[in-house]
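> Please find one structure pasted underneath; my questions will follow.
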Number of protein chains: 2
Amino acid sequence: MAEKTIPYKIYLEEQEMPKAWYNLRADMKNKPAPLLNPATKKPMTAEDLAPVFCDELIAQELDDTTPYIEIPEEIREFYKMYRPSPLVRAYCLEKKLQTPAKIYYKFEGNNTSGSHKLNSAIAQAYYAKKQGLKGVTTETGAGQWGTALSMACSYFDLDCKVYMVKCSYEQKPFRREVMRTYGASVVPSPSETTEVGKKILAEHPGTTGSLGCAISEAVEVATKNPGYRYVLGSVLNQVLLHQSIIGLETKTALDKYDIHPDIIIGCAGGGSNLGGLISPFMGEKLRGEADYRFIAVEPASCPSFTRGTYAYDFCDTGMICPLAKMYTLGSGFIPSANHAGGLRFHGMSSTLSQLYDDGLMEAVSVEQTEVFEAAETFARVEGILPAPESSHAIRVAIDEALKCKETGEEKTIVFGLTGTGYFDLFAYERYNNGEMTDVIPTDEEIAASIAKLPQI
Amino acid sequence: MAEKTIPYKIYLEEQEMPKAWYNLRADMKNKPAPLLNPATKKPMTAEDLAPVFCDELIAQELDDTTPYIEIPEEIREFYKMYRPSPLVRAYCLEKKLQTPAKIYYKFEGNNTSGSHKLNSAIAQAYYAKKQGLKGVTTETGAGQWGTALSMACSYFDLDCKVYMVKCSYEQKPFRREVMRTYGASVVPSPSETTEVGKKILAEHPGTTGSLGCAISEAVEVATKNPGYRYVLGSVLNQVLLHQSIIGLETKTALDKYDIHPDIIIGCAGGGSNLGGLISPFMGEKLRGEADYRFIAVEPASCPSFTRGTYAYDFCDTGMICPLAKMYTLGSGFIPSANHAGGLRFHGMSSTLSQLYDDGLMEAVSVEQTEVFEAAETFARVEGILPAPESSHAIRVAIDEALKCKETGEEKTIVFGLTGTGYFDLFAYERYNNGEMTDVIPTDEEIAASIAKLPQI
């Protein structure tokens, strides 16, 4: 039987879009460890979490048994503005590499926030609005999440306060302007607007901030202001749930053309994109229906999976958030300022951590100069300027395709292209000028940071 | 009979993409006036044009009788990387405006060059390659065209030299880096690398450049270097021909859902987007098969149609290019530095000029503060941050939709959303800070510039 001709871009019809998110935890035998209350060290209850998070999102966070959770109509309407996203056959990249491998990527960058983050931002804004809140607070590093949340809040007419890591705030003024265009207020972190910010500034004058510190500030503001809650763009189970739309669409598109992927690759910072992309495929693997190789790609400068430890840790520098069991480099770990783009979180999604610990997933770390080399190759042949984060996945997809070239295997590789690099040209400029270098933390640095983990 | 449900985004299938460009001039009774040789004042022959342009493009430039010109296979393959582009039903904007009007936009911004310019860039690069050239030269103002050409040249492995108007080069370093990532060399104009650049610098020390001046430099370099030709991103007939793909796809998508537009709106700088969008619809109007209102929208700071004169003029400041008959403000006219974005060319496509002169098309001019107000409204409800250029069309589409609200008419409005504003955040910042102003040229300024038109 003749193979169906596969177009460059597979677009689903609107009516083929998923109507429910898939909750991978429901199919996990070893469930991810629960969040712990930092005071009592006991599992966080919905009541414990209520001052920080929206009620409905807490329910999703704690639900590890319901396999499908309906996507509310209002969110599905918003999704239609920029979804379904295309699954692209990388014909030009295959040709460039002269590989027998078949390469596909799910492209999540075709929306103004420039990344997949909007998938969860709109869900979180919706539930905040439904609860009758005035607004939400959050942190942003590279700026993708902050931009996505600004767009989502503007749509539902919610106030949005973003604590932006100071070095990004200064290096990416245009990200800030996009957020302002969507009506958000953006504060460089650490700031004098919070107690935790003041404390950090007193202890580390001149610090350019970190994600963990910005989280602490955003949480403080949410808990001190009536009508506000805190929202987070990665790491949490609820975020992976919302991001499952990436994997569900990918699977529907592949199934339409009878394509069975061998390897599925995603970059991993907190795990939102990777967790979303692999969800339905990992579900099949857990249920014994199919097998796949999953590869998490992280930066060598922030290697939570490959050099971290699996333990309970704080999610933030101020240590005011719940404790999560995860692969972590320690909440005090800050990647070198030399590191470009996102993927700078010290920890990792609890769900993905458990899967990795159970040997269901692989992880590799890559250095940023080789990442930008892959980014440039990709941009030139596929016509999309990728975000540095996404380019980690490109790097490993190319490496796997080149292995196929050596062995002659016709493997099918799928990777997540999470976003575009329009706001990362400062980093591209360094690369173009030959000024980009790699800085890898020493064993001593990582050991020192891990030594400070809380005792559970 | 029940109306078909119209999705948020109408995507054509790959096989529905046009296989030929439509040459509107073939259906025009009053043909656009020919280019004239600046020395002899006689119509330019293919031989006259050969030192500047690629042979096949010259043939397309001079052909005003062949209605359809086949799109070569290699170009169609490249188009598949980012086309077909979506025709979007602006449900959210309609709701926001509470208008009975039905609004659609053809979105050309979902490619890394960020605009429709890639449609012609890839065609021009293809013909240059086919002719065995080493490379091409061009100018760029806001940077969309330069970026598009860099991508196209990288794809066909051609050298690409871009003369970038100096004020843009300095205000938009990131545009420059995208071009460099695609392997182009980018020179701020005026420069010391050309005779015409040196002359302009001597006469106007400290000038921040203009499009007309950058054109002169690029043409000089093309004609003095063996194996190089000059390419242009707008104004020319060949460019409108390539851009007809926008209109052809739009028409196919509308026809699929039995939608008949009443008003078709596009921004107009040199006319490439507007000319491409309206082509097949204007063809129907010229052949008496259907009627439409066409509206060209131009900035009040560079009002070629609405305040210019219809006459032969130079396309460049150095007066080395052929003379074109067009609506013009005079080749010495430079819009206020306060003007954001592109649409700064002093003249206009000869084809569109003839259609406008024949009363087949309307034109309006709008001020930039009202343009950015429309841009912000649009970004907030439609989730796309528009380029300033495209936002001129949004402004008038909104105005027309609001007129429908008053009269209760259910008109169908289609406009061209040519690109995204990721590289225009300097201008958005000025708007967000309330620092943006309008500067409109005085009658005296325009009269003085027009007084210097060549005598034909």
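The values are calculated or read from the model by the stated rules, or taken from the named source; none is laboratory data. Since this is a predicted model, take the numbers as computed values, not measurements. Note that each Cβ is placed from the backbone with ideal geometry, even for glycine, and that neighbours are counted across all protein chains shown.
> Got at least one residue in region A:352-374 being within 14 Å of chain B (Cβ to nearest Cβ), surrounded by fewer than 24 Cβ atoms within 10 Å (Cβ to Cβ), part of a helix (DSSP H, G or I) and not charged (D, E, K, R)?
yes
> Give the residue, chosen from A:Thr418, A:Thr442, that is surrounded by fewer than 17 Cβ atoms within 10 Å (Cβ to Cβ) and in the same structural domain as A:Cys302 (by TED's automatic domain parsing).
The unique qualifying residue is A:Thr442.
> In region A:314-365, which residues are closer than 29 Å to A:Ala46 by Cβ, among the charged types (D, E, K, R) and in contact with a helix residue (DSSP H, G or I) (Cβ under 9 Å, 6 or more places away or on another chain)?
A:Asp316, A:Lys325
Quick grid of which residues meet (1) outside any helix (DSSP H, G or I); (2) modelled with pLDDT of 95 or more; (3) surrounded by fewer than 21 Cβ atoms within 10 Å (Cβ to Cβ):
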residue	(1), (2), (3)
B:Ser150	no, yes, no
B:Cys167	no, no, yes
B:Glu170	no, no, yes
B:Arg175	no, no, no
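> Still on this structure, please answer the following. In this structure, does B:Phe378 turn out to be within 14 Å of chain A (Cβ to nearest Cβ), assigned to a helix (DSSP H, G or I), in contact with a strand residue (DSSP E or B) (Cβ under 9 Å, 6 or more places away or on another chain) and in contact (Cβ under 8 Å) with a residue 12 or more places away in the chain?
yes
> Would you call A:Ser244 within 23 Å of A:Met348 (Cα to Cα) and not aliphatic (A, V, I, L, M)?
In short, yes.
> Further question on the same structure: Any idea which of (1) at positive phi; (2) assigned by TED's automatic domain parsing to the domain that holds A:Val186; (3) among the polar types (S, T, N, Q) is the one A:Thr66 doesn't satisfy?
Going through (1) at positive phi; (2) assigned by TED's automatic domain parsing to the domain that holds A:Val186; (3) among the polar types (S, T, N, Q) one by one, A:Thr66 breaks only (1).
> Can you tell me how many residues within region A:421-455 are within 14 Å of chain B (Cβ to nearest Cβ) and either free of Cβ contacts under 8 Å to residues at least 40 places away in the same chain or in a helix (DSSP H, G or I) (or both)?
11
> Now for a different question. Given the residues A:Ala393, A:Ala397, which is the only one that is farther than 28 Å from A:Met179 by Cβ, surrounded by 24 or more Cβ atoms within 10 Å (Cβ to Cβ) and more than 14 Å from chain B (Cβ to nearest Cβ)?
A:Ala397
> For region B:79-98: of the residues being under 18 Å from B:Gly247 (Cα atoms) and part of a helix (DSSP H, G or I), which is farthest from the other protein chains (Cβ to nearest Cβ)?
B:Tyr79
> So, in region B:344-360, exactly how many residues are in contact with a strand residue (DSSP E or B) (Cβ under 8 Å, 6 or more places away or on another chain), of a type outside the set (Gly, Ala, Ser), within 23 Å of B:Gln144 (Cβ to Cβ) and at pLDDT 95 or above?
The number of residues fulfilling the criteria is 2.
> Quick check: is even one residue across region B:226-233 farther than 19 Å from B:Tyr169 by Cα and within 19 Å of the chain's Cα centre (by Cα)?
Yes, region B:226-233 contains at least one residue that is farther than 19 Å from B:Tyr169 by Cα and within 19 Å of the chain's Cα centre (by Cα).
> What single numbered condition from (1) over 18 Å from B:Ile320 (Cβ atoms); (2) not in a loop (DSSP other than H, G, I, E, B) fails to hold for B:Gly109?
(2)
> Next question, about the same structure. Kindly indicate which of B:Lys31, B:Lys4 is touching a Lys or Arg at 6+ places or on another chain (Cβ under 9 Å) and within 14 Å of another protein chain (Cβ to nearest Cβ).
Unique residue meeting the criteria: B:Lys4.
> Out of B:Ile398, B:Ile413, B:Ile384, report the one residue that is among the β-branched types (Val, Ile, Thr) and touching a strand residue (DSSP E or B) at 6+ places or on another chain (Cβ under 6 Å).
B:Ile413
> Considering B:Met164, B:Met179, which residue is within 14 Å of chain A (Cβ to nearest Cβ), within 21 Å of the chain's Cα centre (by Cα) and under 25 Å from B:Leu133 (Cα atoms)?
So the residue among B:Met164, B:Met179 that is within 14 Å of chain A (Cβ to nearest Cβ), within 21 Å of the chain's Cα centre (by Cα) and under 25 Å from B:Leu133 (Cα atoms) is B:Met179.
> Are there any pairs, at least 6 apart or on different chains, whose C-beta atoms fall under 7 Å, with the first in region B:185-214 and farther than 22 Å from B:Gly270 by Cβ and the second in a strand (DSSP E or B) and charged (D, E, K, R), and if so, which?
Matching pairs, first to second residue: B:Ser185/B:Lys161.
> Read through the list (1) more than 14 Å from chain B (Cβ to nearest Cβ); (2) of a type in the set (D, E, K, R); (3) touching a strand residue (DSSP E or B) at 6+ places or on another chain (Cβ under 7 Å); (4) surrounded by fewer than 24 Cβ atoms within 10 Å (Cβ to Cβ), then give the number of the only condition that A:Glu195 fails.
Exception for A:Glu195: condition (3).
> Now, a different point. With respect to the numbered conditions (1) away from every other protein chain (no Cβ under 14 Å); (2) part of a helix (DSSP H, G or I), which one is the sole condition not fulfilled by B:Val52?
(2)
> Let me ask something else about it. So, in region A:112-141, of the ones that are more than 16 Å from the chain's Cα centre (by Cα) and part of a loop (DSSP other than H, G, I, E, B), which residue ends up nearest to the other protein chains (Cβ to nearest Cβ)?
The selected residue is A:Thr112.
> OK, next. Can you give me the number of residues within region B:145-167 that are of a type in the set (S, T, N, Q) and out of contact with any Gly (no Cβ under 6 Å at 6 or more places or on another chain)?
Adding up the residues that qualify gives 2.
> Of the residues that sit in region A:21-44 and are surrounded by fewer than 15 Cβ atoms within 10 Å (Cβ to Cβ) and either free of Cβ contacts under 8 Å to residues at least 40 places away in the same chain or of a type in the set (A, V, I, L, M, F, W, C) (or both), which one is nearest to A:Ile58 (Cα to Cα)?
Applying the filter and picking the extreme gives A:Pro43.
> While we're on this one: Condition first: within 12 Å of another protein chain (Cβ to nearest Cβ) and part of a helix (DSSP H, G or I). Can you find one or more residues in region A:408-420 that meet it?
Scanning region A:408-420, I find no residue that is within 12 Å of another protein chain (Cβ to nearest Cβ) and part of a helix (DSSP H, G or I), so the answer is no.
Yes/no matrix, rows are residues, columns are (1) in contact with a Lys or Arg (Cβ under 9 Å, 6 or more places away or on another chain); (2) closer than 20 Å to B:Ser150 by Cβ:
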position: B:Ser210; (1), (2): yes, no
position: B:Glu217; (1), (2): no, yes
position: B:Gly233; (1), (2): yes, yes
position: B:Asn237; (1), (2): yes, no
position: B:Leu240; (1), (2): yes, no
position: B:Ser244; (1), (2): no, no
position: B:Gly247; (1), (2): yes, no
